[in-house]
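Notes for the one structure printed next.
Just so it is clear, none of the values below were taken in a lab; they were calculated from the coordinates. Model, not experiment: these values are computed from the prediction. Methodologically, a virtual Cβ is constructed for each residue, glycine included, from the backbone with ideal geometry; neighbour enumeration extends over all protein chains shown.
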Amino acid sequence: MRKLTLALPIVLSLMAPSALRAKGFPLLAGVDKESIILRWVIPEGGYPAGGFNLYRQEAGRKTWTKLNPSPLVKITDEKVLKERLGDEVFKRVINLISPRPMEFKDKRRRKVEEENRRSALLLYADISPQVADVLGLRWEDKTVEKGKSYRYRLTAIGAKGKEKRLATILKPIGLKDYLPLTAPLGFFVQAGDGVVSFRWFKEPRFSAYDLYRSDQKDGKYERVNTAPIIILTTTDTTGMEVVPEFVFTDSQVKNGHTYWYYLRGIDAFGRQSRQSERLSATPVDLTPPLAPLGLKTEVSGDTVTLRWERSPEPDAAGYNVYRGRDYRGEFHRINKKPLPREQTIYQESGLPLGISLWYYITAFDSSGNESGKSYVALANVIDDLPPAPPVGLKAISRPGEVILSWKPNKEEDLNGYVVFRSLKREAKQYLRLTDRPVYDTTYVDKLTKEASNPFYYRIKALDNNYNESQPSQVVEVTLPDVTPPTAPIFKGVTSSDGSVTLHWYPNPERDIGGYNLYRQSDGDTNWGKLNPTPLPPEATSFTDRGVRPNVLYRYTLEALDRAKNVSPRSQPIAGKPYDKTPPQVPQKVKVAPNPEDTSLIISWERAKDESLLGYVIFRSIRKKGKFLQISPLIKGEPRFVDKEVSPGVKYYYKLRAYDSSGNRSSFSKVCKGEIEKEKR
């Protein structure tokens, strides 16, 4: 049994050829090309109150010189940390540098958590020189000179400024001791399905690693890992450290494409090693596609049709069909050539009747990986071959019945026909009308005479095994419309000057084709139709202008549907027009002396108006004076003789017309007349 190590205390045990370590407290010195780097850890008791001081002594001298101008302390100012670390590293370590207070009451659990935080923080210091700098755990001595060697000493500063020696590196070290870090050992690459996996030896000289990748061996290499790679180990029950088989996996690769990689190690001083040898890997597709879904079988006579759903796999290349005589028995592939991915139907014919066959489908991808079995589907090849659908279906309708007829089927085992009816053409279920098969090729469906909606019929043929054919074509039929509309209802009548307007409510029927309006005058027993052609179905009023004033008229209305069925007539409604129109003003009025005596003759033109009663004449001795009536109502000849006149006097005349409704016209133009005096 293995367990994961939770706490990972870092003690800077790295010992590269160019590194020295002090005895006791872990102070480590490493040589770079032009500097010496010092690293240490947080003391067991935590950070000293005043921080750290670092001293240097040149070999052969007794004086120690402090290197840092101010104590080395952990920086907690978040603004400074962001500037020194960058956003990405800052986000990873801020909760470790300035952790939230722990909520654990259990002391042991609190201690373990504190140790884990400390270990994680020191781990980041190992893999990032910037983190080690802001923690006050690193110093890079850039003032060293070539040809000289140095010793180093680290002290802790207490609360009152008192220093305590932590460690001293006694063996002198200088730039002459620099040796470049050799590449990590045991670098190994293994390609998989959509991934490339890596392993290498876990060496104490490296804290972390960087992996680089390119599409070409001598091309441009880019780092694969976003954060330094750390090898986490487990321990078995005996306490032995166990390294995982693969320490890193690159999943950002495509199958069939070759990639090149090399590895660099990173030590506790932040130094990178030389690159490892370049290794190539080509991921390959080893994952079979999913088995096809939705397999169904259809049996028609000696033919089995298989249908399934198209594979959703992007690299699916096709399918194979397998058949067996027993569900648990041996299956054999029956398609000679692989089926293309677009094909989801497979048929085989000429099978013996009366047997049961089992089928399953597999899918294969472009890499040749074949899926497992689909659902295993059964096909019973029995005599379930239905007759052909009947043809030639026709329908004739009469009031109250529909007569169907069709052509006879030719199957020898035909057992008859089944008739179906529906109120909708696209209905999923049609009502079966016949309990037993119909042996003839006609059928009469009795219906109510008032049915006005369309009916839809189809028939099926049956054989002796009661196999039912597909339905025939659908025939639509509507019974003759024998239902007249309801009697219209008048809304009201409006009488006006010389006309009567009738108003009615529109009939509720949807198939209204129009209306007929009838009129009867007072004293008449016959009804006369007013409209030569039916009024439109949207009409709801009619104005009768062929009427005489002051005569009472009665009206009745009937509705017609599109089948020419006529409704009962409505209840009659009466209306009487009136005459408010004055007669025409008298025209062509003339006044002339009577040659036979001393009188004046007034004449005019009679208007052609049936309602005209006559004319009245008015006279005045002044043109704008008061005119007085001088005649009765003149109904006959348009002429009047005024005998009440005197010679030498000027007389002025004007006329007014009157009709049978009491309307009178405006006055005519004024005309003048005079009889001359006799000369003596």
Rounded to 10°, Cα long-axis angle of helix 107-127 versus longest principal axis of the chain: 90
Cα-Cα longer than 31 Å, checked against Lys82/Lys176; Lys588/Lys677; Lys176/Lys220; Lys491/Lys635; Lys217/Lys373, kept in input order, equals Lys82/Lys176; Lys176/Lys220; Lys491/Lys635; Lys217/Lys373
For the stretch 394-477, calculate the relative contact order in percent as a whole number, restricting contacts to Cα pairs under 8 Å that are 6 or more residues apart. 37
Quick note, the stretch 188-281: a/c under 1.5 would make it rounded; otherwise a/b > b/c is prolate and the rest oblate (a ≥ b ≥ c, C-alpha gyration tensor); here it is oblate
Translational D in µm²/s for the stretch 296-381 (Stokes-Einstein at 25 °C, 0.890 mPa s, Kirkwood Rh from C-alpha pairs): 185
Between Ser496 and Ser603, 0.36 nm times their residue separation minus their Cα-Cα distance comes to what? 35.0 nm
Place a +1 charge on the Cβ of each Lys and Arg in the stretch 189-327 and a -1 charge on the Cβ of each Asp and Glu, then give the dipole magnitude about the Cα centre in debye, rounded to the nearest 20. 380
Could you list Val80, Val500 so that the one with the fewest beta carbons within 10 Å of its beta carbon is first and the one with the most is last? Val80, Val500
Go ahead and estimate [θ] at 222 nm for the chain from helices alone: -39,500 (n - 2.57) per DSSP H run with n ≥ 4, summed, over the residue count, rounded to 500. -2000 deg cm²/dmol
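Beyond a 29 Å Cα-Cα separation, which of these cross-linked pairs lie in this structure: Lys296/Lys428; Lys33/Lys254; Lys79/Lys142?
Lys33/Lys254
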With a Förster radius of 25 Å, plug the Cβ-Cβ distance of Gln252 and Asn116 into 1/(1 + (r/R0)^6) and report the FRET value to the nearest 0.05. 0.25
Euclidean distance of C-alpha centroids, the stretch 172-198 and the stretch 224-282, integer Å: 9
So, in nm, how far is label Glu245 from label Glu412 when the simple model puts each one 7 Å beyond its Cα toward the Cβ? 6.8
Taking the Cα-to-Cβ direction at Val649 and at Leu179 and moving 7 Å from each Cα, how far apart do the two end points lie in nm? 16.6
Dividing the convex hull volume of the alpha carbon atoms of the stretch 490-575 by its residue count, what do you get in Å³ per residue? 89
The simple spin-label model distance between Lys590 and Glu330, using points 7 Å out along Cα→Cβ, in nm, is 13.6
